[in-house]
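Worksheet: one structure, shown below.
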Amino acid sequence: MTQFEIRAKDGLARLGRFTTNHGTVKTPLLMPVVHPGKSAIPAQALIDEYGFQMVITNSYIINSHERFRAKALSDGLHSLLGFDGPIMTDSGTFQMYFHNLPEKEIEPVEIVEFQRDIGSDIGTILDVFSDPDVGKDKVKEDVQKSFDRAKISIDKKGEMFLAGTVQGGIYTDLREAAAKSLASLDFDVHPIGGVVPLMERYRFSDIVRITLAAKKHLPPDRPVHLFGCGHPMLFAQAALLGCDFFDSASYAKFAESGRMLLSTGTVHLNELDELPCSCPVCSATSADELKSAKKEERELELMKHNLFVSAAEIRRVRQAISEGKLFELAAYRARGHPALYEALQAVVKEAQQLEKSDPVGKTGSIFYTGPETTWRPEITGFHSRLIARYPYKKTMTLLLVSDSGLRPFYDTFEVVIKEVRKRSADDLLLLFVTPLGVVPWELEHVHPAQQCLFPESLDPETLEAVEKRTRNVLEMLSFQDAVWFKRNSNVDSAVARLQKEYQLDTVTSASEVVSHLPSEKENVSWMRRKLRALFIHQWGKNAGEVADLENLEIVLSKNTGKIKHVKLDDGILFTIVPTTGLITPTLRGGKELLRVGIDDTYKVIMDSEVSQFVSSGKSALAKFVKHADRNLKAGEEVVVLDEAKNLLGTGRSVLSGEEMIAFNRGVAVMIRHSRKP
């Protein structure tokens, strides 16, 4: 059983923990490659001095040299390497490909048994490496042979974790087929194999496509390892694709040829006058001193530099995931090489796959990095949910307001918003057209509506997306009159292209806007109108009925004027989180959601044996989840029930519904309010 758990998510990336017999590591992680006989830097030093957590070595090399083999079998792999942390072993697949070794050079079952017998924490099957240039029929044969070997190897792993490598060349359909087949077997890790030649040829877009193809069908509770990904400029993008493990021999290979790894690319020492780095090596020497050093000493210093840079970048990736800013980091790194930027465009084309996995309820700001920003999963997810759930479909007057989104809407549009509050949705709808698309007034505070920072001058692709998203919203609405308040914003040109088609009356001042508005009505509750939209946005159509409860008390913040609490009989039912604009239910709030018939998507059913544990306020653990809807996303506010459908508590989902069922470790729901406070 895989000992993997997720702590946080961003896109397809997972911030997790993987537990082995020799310790627990944080993911994403980078494993330096250690040669059992000639590593200039000892394995233990990689952990003690550079901060790595795990190493990888080659079982084929160990098995092929009697002095390594004998010691590994008698004293164990960890003794051979002088290392007490987790170790992964490769089977020799790449060596067979690279050196064109005969097929009988390595016996598939024996090499798995050897890895098990020497005490490897994670062993690897002997799969078949497909060259990117061979035809599809040959690759298909290789995939089948790899699967045949996987089937006869899986029962030999014993207590060792075993990695089942996904092959398939550059063919996404073969990668999908391979992933589906391997998913049916009891593997613990899934490497994406056959990518080193693609990396060497800068075919990063192909790596994006084949990795995403495999990810669609791999079990979510098994880490994914991008074999041979050792350059730090690739880590952010690969993690965004859902890769959890990386391995690197690049730190040594590049040093041998006088090259220095940087998070933004590669530089040659001979071309440098200054060292563009602040690592311990570069801080203690100069380019001239390194150039004049003896070859062996120079290579060692460059190797150390490469390790420091690589270790720092993988830490930076983990931090970006925890902050919800990995897409941003990947976009910055993509500017380091045209082929990597092209690969980012390939990621953007698969935005829906990232959106499906991306958690809701993020709090961080979104900085514009380029045209790709408009396809960030937070933005596409907001638009998708708006189209699916915005409740007010018919109105007399539709008011579109151009807005750059740099300041809160109320700060720049106070006069008109006060007028909107006096009218019902049937009479007037207010939509802000911003660089991320349309933001209805009712959802103005929902992330990322006012957390996006775009420049005053927008690129054509972003403007095209704004136009398309605005059109999507207009097509789902029915209205008699439409008014466009043009305010010299960066999205005006996008709205202008819709003006004739939707007969938009253009105005340029707040007083003109007010003159176009229908008459105000008595007893209009803008707070209930806003709440209804929020409830439906979060939990579906039926949840909107909560806003119609009699005697409902809506409390506003004295500082901001925003809705703060929703109360009934002096008890708090719901709280609006200022940083996300979303609603969190108390236990009483959870009961009201169940009363109105909240969608099953937001119900998590726990094993009744842990009812007391969860109802006391403890986290709902994934291993005890009996049912969770596949459409549930991480970050949602959910109600947690026992098998008899008794309410145990309410809280925030850490995992998606699919992950809750798949995982046997970690927290499924962080309980906020429970039956027994």
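Every number here is computed from the coordinates shown, using simple stated rules; none is lab data. As the structure is a prediction and not an experimental result, all values here were calculated from the model. FYI the Cβ positions are ideal-geometry reconstructions off the backbone, even for glycines, and counts take in every protein chain you see.
Which residues make up the longest stretch of the chain clear of GluC sites (Glu not before Pro) that lie in a DSSP loop with no more than 15 other Cβ atoms within 10 Å, not counting the sites?
275-455
Using each residue's phi in the range 476-490, evaluate 6.51 cos²θ - 1.76 cosθ + 1.60 at θ = phi - 60° and report the 3J(HN,Hα) Karplus result to the nearest Hz, with x for Gly and Pro.
8, 9, 10, 8, 8, 10, 10, 10, 10, 8, 7, 10, 6, 9, 6
By per-residue mean of other Cβ atoms within 10 Å, what is the highest-first order of 240-253, 528-541?
Details: 240-253: 24.0, 528-541: 21.9.
Output ranking for 240-253, 528-541: 240-253, 528-541.
Just need the relative contact order of the range 608-677 here, percent rounded to a whole number, with Cα pairs under 8 Å and 6+ apart.
Values: 152 pairs, mean separation 30.1, N = 70.
Dividing the mean separation by the residue count of the range 608-677 yields 43 percent.
Taking amide H positions as placed in the peptide plane 1.01 Å from N, state which residues far from Ile366 in sequence (5 or more) or on other chains have amide H under 5 Å from it.
Hits under the 5 Å cutoff: Cys452, Leu453.
Could you line up Cys279, Cys229 from fewest to most neighbouring Cβ atoms inside 10 Å? Please list the in-between numbers first.
Working: Cys279 17, Cys229 25.
By the 10 Å Cβ count, ascending, the order reads Cys279, Cys229.
Pop the C-beta distance of Asp117 and Lys26 into the FRET formula with R0 = 41 Å and round what comes out to the nearest 0.05. Please report the intermediate quantities before stating the final value.
Details: r = 29 Å, r/R0 = 0.70.
Efficiency, from the Cβ-Cβ distance: 0.90.
Pull out a ≥ b ≥ c, the square roots of the eigenvalues of the alpha-carbon gyration tensor of the range 372-516, then state rounded if a/c is under 1.5, prolate if not and a/b is larger than b/c, and oblate in the remaining case.
On the way: a/c = 1.37, a/b = 1.29, b/c = 1.06.
Since a/c stays below 1.5, the shape of the range 372-516 is classed as rounded.
Scan around Asp505 for amide H atoms under 5 Å from its own, H built in the peptide plane at 1.01 Å from N, and keep only partners 5 or more places away or cross-chain.
Here Ala482, Val483, Trp484 satisfy the definition.
If each of Gln499 and Glu609 carries a label point 7 Å out from its Cα toward its Cβ, how far apart are those two points in nm?
6.8
So which cysteines of the chain have no other cysteine's Cβ under 4.7 Å from theirs?
Lone cysteines by the Cβ rule: Cys229, Cys243, Cys279, Cys452.
What's the magnitude of the charge dipole for the range 372-516 around its Cα centre, counting Lys and Arg as +1 and Asp and Glu as -1 at the beta-carbon? Answer in Debye, nearest 20.
Working: 17 positive and 21 negative charges, 80 e Å.
With Lys and Arg at +1 and Asp and Glu at -1, about 380 debye.
Going by a ≥ b ≥ c, the root eigenvalues of the Cα gyration tensor, does the range 309-373 fall in the rounded group (a/c under 1.5), the prolate group (a/b larger than b/c) or the oblate group?
Since a/c reaches 1.5 but b/c is at least a/b, the shape of the range 309-373 is classed as oblate.
What is the calculated FRET efficiency for Ser384 to Asp411, with r their C-beta to C-beta distance and R₀ = 30 Å, to the nearest 0.05? Walk me through the numbers before you get to the answer.
Numbers: r = 28 Å, r/R0 = 0.93.
Rounded to the nearest 0.05, the efficiency is 0.60.
Please arrange Tyr602, Tyr390, Tyr50 by counting, for each residue, the other beta carbons lying within 10 Å of its beta carbon, fewest first. Before the final figure, lay out each step's value.
Working: Tyr602 25, Tyr390 20, Tyr50 17.
Lowest count first: Tyr50, Tyr390, Tyr602.
For Leu329, what charge total do you get from the other residues with a beta carbon under 13 Å from its beta carbon, if Lys and Arg give +1 and Asp and Glu give -1? Before the final figure, lay out each step's value.
On the way: positive: Arg315, Arg316, Arg318, Lys325, Arg333, Arg335, Arg376; negative: Asp10, Glu313, Glu323, Glu328, Glu372.
It works out to a net charge of +2.
Pull out a ≥ b ≥ c, the square roots of the eigenvalues of the alpha-carbon gyration tensor of the range 269-349, then state rounded if a/c is under 1.5, prolate if not and a/b is larger than b/c, and oblate in the remaining case.
Note, shape of the range 269-349 comes out prolate.
Rank-order 259-265, 383-389, 330-336 by packing density, defined as the average count of other C-beta atoms within 10 Å over each peptide's residues, highest first. Each step should come with its number before you reach the end.
On the way: 259-265: 20.1, 383-389: 17.1, 330-336: 21.7.
Going from most to least packed, we get 330-336, 259-265, 383-389.
Expressed as an acute angle from 0 to 90° and rounded to the nearest 10, what is the orientation of the C-alpha long axis of helix 66-75 relative to the principal long axis of the chain?
Rounded to the nearest ten degrees, it is 60.
Hey, what angle do you get for helix 377-389 against the long axis of the chain, alpha-carbon based, 0 to 90 degrees rounded to 10?
Taking the Cα atoms of the chain, the angle to 377-389 is about 40 degrees.
Using Cα pairs under 8 angstrom and six or more residues apart, how large is the relative contact order of the chain, in percent? Please list the in-between numbers first.
On the way: 1403 pairs, mean separation 68.2, N = 677.
Relative contact order of the chain: 10 percent.
Suppose a student asked you for the relative contact order of the range 539-674, using Cα pairs under 8 Å spaced at least 6 residues apart; what percent would you report?
Value for the range 539-674: 21 percent.
Straight-line reach from Lys521: which aspartates and glutamates fall under 16 Å, measuring Cα to Cα and dropping same-chain residues less than 8 apart?
Qualifying aspartates and glutamates at Cα under 16 Å: Glu419, Asp426, Asp427.
For the Cα atoms of the chain, what angle does the longest principal axis make with the long axis of helix 526-539, in degrees from 0 to 90, nearest 10?
Once rounded, the angle reads 30 degrees.
Note down the net charge around Val34, summing +1 for each Lys or Arg and -1 for each Asp or Glu among other residues with Cβ under 12 Å from its Cβ.
Values: positive: Lys38; negative: Asp90, Asp247.
For residues surrounding Val34, the net value is -1.
Could you pull out which residues in the range 261-281 have an amide N less than 17 Å from a spot 7 Å beyond the Cα of Glu297, following the Cα-Cβ vector?
281
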